[in-house]
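Reviewing the structure listed below.
Just so it is clear, none of the values below were taken in a lab; they were calculated from the coordinates. For clarity, every value in this text was computed on a predicted model and none was experimentally measured. Counting neighbours? That spans all protein chains shown, and the Cβs are built from the backbone with ideal geometry, glycine included.
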Amino acid sequence: MPGFEVIGAEERAQVNEVFDRGGVLFRHGFDALRNDCYKVREFEQAFASKMGVEHALAVTSGTAALRVALSTLDLQPNDEVITQSFTFVATAEAIIEARSVPVCCEIDETFNMDPADLVARITPRTRAVIVVHMLGTPARLVEIKKICDDRGIVLIEDAAWGCGGSLNGKPLGTWGAMGTFSFDFAKTMTTGEGGMIVFNDARLAEKAKAWHDHGHENNPAVPRWEDTRSGSGFNYRMMELQGAVGLAQLRKLDDVVAEQRKNAAAITKAIADVAGIVPRVEPKGSAGTADAVIFAYVTKTLLLHAAANCWRAESRPRSCPRRRRGTLLKRGRTCLNSLPHTGEISPRRFPVRARDWKPRSRYRCS
């Protein structure tokens, strides 16, 4: 049950307040018109508090969050950023847009980054690692963080699916130097489109704030239009209506995640008796968001049996994503043959969305 399923009066009230207090939709300036209504700023503060960090920056999408995070590292051409083979294409796109080389790392039985293979792929050109909590299950952060810390490599968490999850009681997205989140319409909380970055380093936070706003420093000593700048950048600012919806959605996040975990438990129970199903391994101390239940299967017959059971549990099987070969493997430093485990498991992965969508009659299995 993603966030869009619980949109209601609370979101409408937050949006109406923007118009009732002056109708300023831009997050900065126009102080005399807005009657102290700053929804994006309020959303950032509430999100940072929820995650237990000092700094958060709202942006236009989860993809933008990754790109802005990378902008703080002053990456140079031929610098390498390692990510994992099972991810959404935006992870690789952000690395390429930052003029760097994406390096693809193997996954292990968690279907997230394999720490042992990560070590093997680090070179003198490695500047950062982007670990992905794919479909809401935590990666092996304890091991991955130690690998990065020991080598002075920046760790970024792509928590697009991980908002509301934790490992060992620590929220996903807060283990590395930066964590990125997505609020698109299918995530655990949504602003329609939108994203957030959280920081454990004030210096990186300030660099990101300027870069996502054409280099503006938002110096309070001068008007917005005469603002000082420390450098250049782009426009990835969130607007006030998105911030308003985000405030209402954030208050519902715990309930949404709890409901998805309940659905995931029902799906897992429904396929428990199917022989040959290999469940996804979760690291010790995991509290994922249960965006989807993923399992591997031995034969197509077993897959159909498991899918039928999932339908009976009123869950929606989803086609399995494969490696984004065109983007990552043409521009990156990874060849197909160097990912044997990914190549072996990819055709046998089967995600099932842990949501309340009812099965369509034409898909129902008897």
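Some points to look at:
- Of the chymotrypsin sites (Phe, Trp or Tyr not before Pro) in region 135-193, the ones in a loop by DSSP (not H, G, I, E or B) with at most 16 other beta carbons within 10 Å are PHE185.
- Those residues of region 206-229 whose amide nitrogen sits under 16 Å from the label point placed on PHE30, 7 Å along Cα→Cβ: 224-225
- Toward the positive end of the charge dipole of region 217-274, with +1 on the Cβ of Lys and Arg and -1 on the Cβ of Asp and Glu, the farthest Cα among ALA258, PHE234, GLY246 is that of ALA258.
- Between the residues PRO171, MET113, THR137, the greatest Cα displacement towards the positive end of the dipole of region 33-189, with unit charges on the Cβ of Lys, Arg, Asp and Glu, is found for PRO171.
- Applying a DSSP loop filter and a limit of 14 other Cβ atoms within 10 Å to the chymotrypsin sites (Phe, Trp or Tyr not before Pro) in region 60-138 leaves nothing.
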